[in-house]
1. For Glu313, work out the one condition from (1) touching a Pro at 6+ places or on another chain (Cβ under 6 Å); (2) without any contact (Cβ under 8 Å) to a residue 40 or more places away in the chain; (3) not small (Gly, Ala, Ser) it doesn't fulfil.
2. Any residue at all in segment 178-185 that's in contact (Cβ under 8 Å) with a residue 40 or more places away in the chain and more than 26 Å from Arg452 (Cα to Cα)?
3. Pairs, please: C-beta under 7 Å, at least 6 apart or cross-chain, first residue part of a helix (DSSP H, G or I) and in segment 423-434, second of a type in the set (Ser, Thr, Tyr)?
4. Would you mention how many residues in segment 73-105 are of a type outside the set (Gly, Ala, Ser) and surrounded by 15 or more Cβ atoms within 10 Å (Cβ to Cβ)?
5. Quick one: which of Asp238, Asp288, Asp220, Asp278 is touching a His at 6+ places or on another chain (Cβ under 7 Å), surrounded by fewer than 20 Cβ atoms within 10 Å (Cβ to Cβ) and among the acidic types (Asp, Glu)?
6. Quick check on segment 136-167: of everything there that is among the hydrophobic types (A, V, I, L, M, F, W, C) and surrounded by fewer than 17 Cβ atoms within 10 Å (Cβ to Cβ), which residue is farthest from Gly196 (Cα to Cα)?
7. Quick check on this structure: which one of Ala404, Ala464, Ala447 is of a type in the set (Gly, Ala, Ser) and modelled with pLDDT of 90 or more?
8. Taking Arg260, is it charged (D, E, K, R) and farther than 17 Å from Phe445 by Cα?
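The values are calculated or read from the model by the stated rules, or taken from the named source; none is laboratory data. Not measured: the values here are computed from a predicted model. Don't worry about glycine lacking a Cβ; one is built from the backbone with ideal geometry, like all the others, and counts go over all protein chains shown.
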Amino acid sequence: MKVPPQDNRIPDRALAVSTHGMTMRFANFYALRDASITIAAGSFHVLLGENGAGKSTLVKCMMGFYRPTSGQISIDGQEVDIPDPRAAHELGLGMVYQHFTLVPSLTAAENLVISRADAPARIDWKTEREGLAAFMEKMPFKVPLGIPVGRLAAGEKQKLELLKQLYLGRRFLILDEPTSVLTPAEADELLGMVRGLTEAGELTCLMISHKFREVTAFADEVSVLRRGEHVGGGKVSDLSTSEMAAMMIGDKELVRPAARLPFIGKPVLEMAGAKAPDRSGLKTIEIDGLAVKSGEVVGIAGVSGNGQMELMELLTGQRPLEKGAIRVKGAAYRASREEARRFNVRYLPEEPLKNACAPKMTVAENIYFRDFDFLGGKTQFWLDGRRMKQEAGRLVGEYKVKTASLNAPIASLSGGNVQRAVLAREFTGAVDLLVIANPCFGLDFSAVAEIRARIMAARNAGAAVLLISEDLDEILELSDRILVMSDGHIAYETPAEGADIGEIGRHMAGHH
């Protein structure tokens, strides 16, 4: 019977991995500086840090994607050389990435077998299935092996990514934001399985995460990076979330959102019988009875791909309605620039550099897009460059946009600063309706706090806010009401106060 290959150097137990003085320099920039971290065998260790702190650089050095400028890696106390990912794999190191690496058209079994370095050109499937069955008998969780991966749920795909690494003999596993596409129940199940493997001494796990709930529930220890340096860590049981956050941000002070004011007014946005094809053209998005009132945040939760982005496109005029109606303040709304101005509708789309900016134009020009041809309630036919620079300069200061110059292309800014620039443009002046999609995706800890505080301030000032987000913690923090999108329609509604996370998760997974 054929079993998954095991390199003679790979033990059948968890590995201890340490970095010693790890430094990675790109020209004059240090992405990593003298970072020494030890991940004990059989531990569940989490790597924390803001964007740009060096987390990805560290794990890429460990996996052989980068050759560090200086420093060493040791496995079980023995110094090793890892010139490329193949060498890392041969030593028992593996990585599960944030996005799936499986072939959707192949079955789970086919994905496992072709991932082996020794996969034969002509596969004897009878022998391979026997080997897979023996392997699966040893695993604490199951995945249907005969179904094409494209038909598996997100949770099953992520389990299969984990199974693939175990099948290939990895005993030290790096997980990069592994739960970003999972429901809360799927996330807890997956991390519970990993925790079980570490406790059994079969696996060591190093996870990159920003979700403190997962860190406190599953991890043994944390290590914190800031500006490329290892600045602290310790046992999770000895640290509070505020202490971990303080290590991440250093001497920066987080912006605290204002208290939620108890005011909810009349409906501003309404959708009735709205229908449109989804991006594939095979399914229909159907939204009926959606209303967002003045002074409330309505959060749209859901696993990626269930129609949330099509909903955003309907509201921004990028996807035409087949049937039904969208109304703002009782009037039909088609998202023209004139209507958006008249009804004070503002947008903060996902990936604003792609969806809300002209990347090659300057910071000042991008901030001034909304009003470049409008002054004092009247259309103007020339560009007032002096006024543009003054207004952009004021907003850059107020919103703390870090840019070398107002004349720099907006594409040269970091993700957080692009987001701040778009916020400055969209939040200036009267705002009656704010439509937002994944506003904090990929941003660092302090930028997230600042943006969420701005959203709450807009809500308290009377804006109606529709928040579409795949981050359930964000939905729970900001929303007054929560709606769940599943398979292109609203499947569930609940007040945010006292919301049952398990019930929300079941509807996110399609279990109505």
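1. Only one criterion in (1) touching a Pro at 6+ places or on another chain (Cβ under 6 Å); (2) without any contact (Cβ under 8 Å) to a residue 40 or more places away in the chain; (3) not small (Gly, Ala, Ser) is unmet by Glu313, namely (1).
2. Initial filter on segment 178-185 (in contact (Cβ under 8 Å) with a residue 40 or more places away in the chain): 178, 180-185.
From what's left, more than 26 Å from Arg452 (Cα to Cα): none.
Scanning segment 178-185 turns up no residue that is in contact (Cβ under 8 Å) with a residue 40 or more places away in the chain and more than 26 Å from Arg452 (Cα to Cα).
3. Between residues of segment 423-434 that are part of a helix (DSSP H, G or I) and residues that are of a type in the set (Ser, Thr, Tyr), the close pairs are Leu423/Tyr399; Ala424/Tyr399; Glu426/Tyr347.
4. Let us first name the residues in segment 73-105 that are of a type outside the set (Gly, Ala, Ser), namely 73, 75-76, 78-86, 89-91, 93, 95-104.
With the extra rule that they be surrounded by 15 or more Cβ atoms within 10 Å (Cβ to Cβ), the set shrinks to 73, 75-76, 80, 82, 85, 89-91, 93, 95-96, 100, 102.
Of the residues in segment 73-105, 14 are of a type outside the set (Gly, Ala, Ser) and surrounded by 15 or more Cβ atoms within 10 Å (Cβ to Cβ).
5. Numbers: Asp238 fails: touching a His at 6+ places or on another chain (Cβ under 7 Å); Asp288 fails: touching a His at 6+ places or on another chain (Cβ under 7 Å); Asp278 fails: touching a His at 6+ places or on another chain (Cβ under 7 Å).
Answer to the selection: Asp220.
6. Narrowing segment 136-167 to residues among the hydrophobic types (A, V, I, L, M, F, W, C): 136, 139, 141, 143, 145, 147, 149, 152-154, 160, 162-163, 166.
Restricting the remaining residues to those that are surrounded by fewer than 17 Cβ atoms within 10 Å (Cβ to Cβ) gives 136, 139, 141, 147, 153.
Numbers: Met136: 16, Met139: 11, Phe141: 11, Ile147: 26, Ala153: 22 Å.
It comes out as Ile147.
7. Numbers: Ala404 fails: modelled with pLDDT of 90 or more; Ala447 fails: modelled with pLDDT of 90 or more.
Being of a type in the set (Gly, Ala, Ser) and modelled with pLDDT of 90 or more holds for just one of Ala404, Ala464, Ala447, which is Ala464.
8. Values: charged (D, E, K, R): yes; farther than 17 Å from Phe445 by Cα: yes.
Criteria met by Arg260.
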